[in-house]
Structures are given as structure tokens and as C-alpha cells.
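Undergrad: Dumping the structure here so I can ask a few things about it.
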Amino acid sequence: GQQVMQIPQYQHVQEGEDFTTYCNSSTTLSNIQWYKQRPGGHPVFLIQLVKSGEVKKQKRLTFQFGEAKKNSSLHITATQTTDVGTYFCAGLNNDMRFGAGTRLTVKP
Amino acid sequence: NAGVMQNPRHLVRRRGQEARLRCSPMKGHSHVYWYRQLPEEGLKFMVYLQKENIIDESGMPKERFSAEFPKEGPSILRIQQVVRGDSAAYFCASSPPGHGSPLHFGNGTRLTVT
């Protein structure tokens, strides 16, 4: 079945450093979505990528969808303490499957 | 416009009891997903439903677990004869018609089995 792998599992950075999480699927995806879950909270939708090679930006966040539509990345420039949380990718094929998430902690 | 409503927020059950988790999707949403999350872990897909239909239940354990989304009323995730290993956060998400629409999550139900 469809599998979505996400790395790294954990990332600890100093405030101001950059952060990247990577998502890989075993199958070609129709689209990929990114979510953020704050500690103790629920996942919140960030963005959706549909086209091969698509790049989207939200302020300090940059999202990319690979040419083969099997991988994606989320890059945060100059992290802030408010970026703390777990970032999940979710790939759509027949249904929506989530990666295990990357847990980001930011040291002030 | 109310978001996805899940209740109860916290549920404590003794081993062997039944747990019923409810999810009311956002207005206009006809697709419901249930996910399970263990502490410090990711979201594990359980089941995908549309009104009166189970579309994909490949993530549901074969025994003790069932889900429904009736024509009227909330979606229900039912766990019979709970065991300690069922303790987890259960999140419901809904989306509008259209395969692949973004998911809107509820606050989750945190089930503790004692």
C-alpha cells in the first residue's frame, strides 16, 4: 500500500537557524499537503501542492513538490520560537496518508 | 461557522468497556476521516467515510473497532472491549466534496484505558 516517509523525526535548532523536513512517497501522488500540530493541539492545514515541480511560499516557509510528484520538502528560514511543533506531510493517492512528522524544537 | 466538533474531549474507560467517540464535521463537509495518534508519534489513518458509506477502512483493526457516518447525526468511532493499548488521541477530520481537499481537524478525543 501507499507509504509516506518523513525525515528527520526530530530537529532541534537555535532560533534564527533554518530548518527543512523531507517527505517521500512510495507512489506518485495526486497532491501533497502540509500540516502543523502545536504541542497538545490538533493538526492545522498549511498548504497544498498539486503540480509537478510546484513551489509555494508563505512568509518564511517554502514548500516544494518534486518533479516526479513523489517527494516534497518544507523549508523554514530563520526559525522563531513560534515555529515549534510537529510538521506533517500528507500524500493523496486513493486516500490521505500522513508521514510520521518532524518534531521541531527551537532554542531561544 | 463552527469547525469540526469532537466529543468527548477526554474519555476514561476501564478495560473491557466500550468507547464511543463522536465527530460532527464542518457544515457542508461530507467526507470524514479518523486518525489515531499515540504520544510523540504521527497520525495513523484508520478509516475514511462519506455519508452512509465506508470508503476505505484499511487502517482499522479487524476486531473491536467500527465506524459509521449516518445520514443524520455525527460520525461515530466505536471501540468495543477496550484494552490499555487503545489509549491514544483519536482525531477526526472532515473535508468538502472533492477528493483531495484539505482536511479540517477536530480537537481530538483523548482516550485513556485504565
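Undergrad: In percent, how large is the relative contact order of chain B, given Cα pairs closer than 8 Å and 6 or more residues apart?
TA: Value for chain B: 37 percent.
Undergrad: Averaged across the residues of A:57-70, what count of C-beta atoms belonging to other chains lies within 10 Å of each residue's C-beta?
TA: The shielding value for this peptide is 0.
Undergrad: Over the stretch B:34-92, what is the mean sequence separation of C-alpha contacts under 8 Å (at least six apart), divided by residue count, expressed as relative contact order in percent?
TA: Values: 91 pairs, mean separation 21.0, N = 59.
Averaging sequence separation for qualifying contacts and normalising by length gives 36 percent for the stretch B:34-92.
Undergrad: Can you give the longest run of chain B that contains no trypsin sites (Lys or Arg not before Pro) sitting in a DSSP loop with at most 16 other Cβ atoms inside 10 Å?
TA: For trypsin sites (Lys or Arg not before Pro) (loop position, at most 16 other Cβ atoms within 10 Å), the longest site-free span of chain B is B:72-114.
Undergrad: Same structure, new question: What are the ³J(HN,Hα) couplings of the stretch A:60-77, residue after residue, when phi is run through the Karplus curve with 6.51, -1.76, 1.60 and θ = phi - 60°? Round to Hz, x for glycine and proline.
TA: 8, 9, 10, 10, 10, 10, x, 4, 8, 6, 10, 9, 8, 9, 10, 10, 10, 8
Undergrad: Another question, then. Below 10 angstrom from the Cβ of A:L49, what's the summed charge of the other residues (Lys, Arg +1; Asp, Glu -1)?
TA: Residues close to A:L49 contribute a combined charge of +2.
Undergrad: Let me ask something else. Across chain B, where is the longest run that never hits GluC sites (Glu not before Pro) in a DSSP loop with at most 11 other C-beta atoms within 10 Å?
TA: The longest uninterrupted stretch comes out as B:73-114.
Undergrad: When Cβ neighbours within 10 Å are restricted to other protein chains, what is their mean count per residue of peptide B:90-101?
TA: Mean shielding by partner chains, rounded to a whole number: 3.
Undergrad: In the stretch A:39-108, what trypsin sites (Lys or Arg not before Pro) fall in a loop by DSSP, with at most 12 other Cβ atoms inside 10 Å?
TA: Within the stretch A:39-108, the qualifying trypsin sites (Lys or Arg not before Pro) (loop, at most 12 other Cβ atoms within 10 Å) are A:K51, A:K59.
Undergrad: Could you give each residue of the stretch A:96-107 its phi-based ³J(HN,Hα) in whole Hz, using Karplus coefficients 6.51, -1.76, 1.60 with θ = phi - 60°, and x for Gly or Pro?
TA: 9, 10, 8, x, 6, x, 10, 8, 9, 10, 10, 8
Undergrad: Can you pull out the GluC sites (Glu not before Pro) in the stretch A:4-105 whose DSSP state is coil and whose Cβ has at most 11 other Cβ atoms within 10 Å? Intermediate results must be reported in sequence, preceding the final value.
TA: Values: sites: A:E15, A:E17, A:E54, A:E67; in loops: A:E15, A:E17, A:E54, A:E67.
Hits after loop and neighbour filter: A:E67.
Undergrad: Counting only residues 5 or more places away or on other chains, whose amide H sits under 5 Å from the amide H of A:E17 once H atoms are built in the peptide plane?
TA: Under 5 Å from the amide H of A:E17 lie the amide H atoms of A:T79, each far enough along the sequence or on another chain.
Undergrad: Find the relative contact order for chain A and round it to a whole percent, using C-alpha pairs within less than 8 Å whose residues are 6+ positions apart.
TA: Taking the mean separation of contacting Cα pairs over the length of chain A, I get 38 percent.
Each value in this text was obtained by applying a stated rule to the coordinates, not by laboratory testing. All values derive from a computational prediction rather than experimental measurement. Counting neighbours? That spans all protein chains shown, and the Cβs are built from the backbone with ideal geometry, glycine included.
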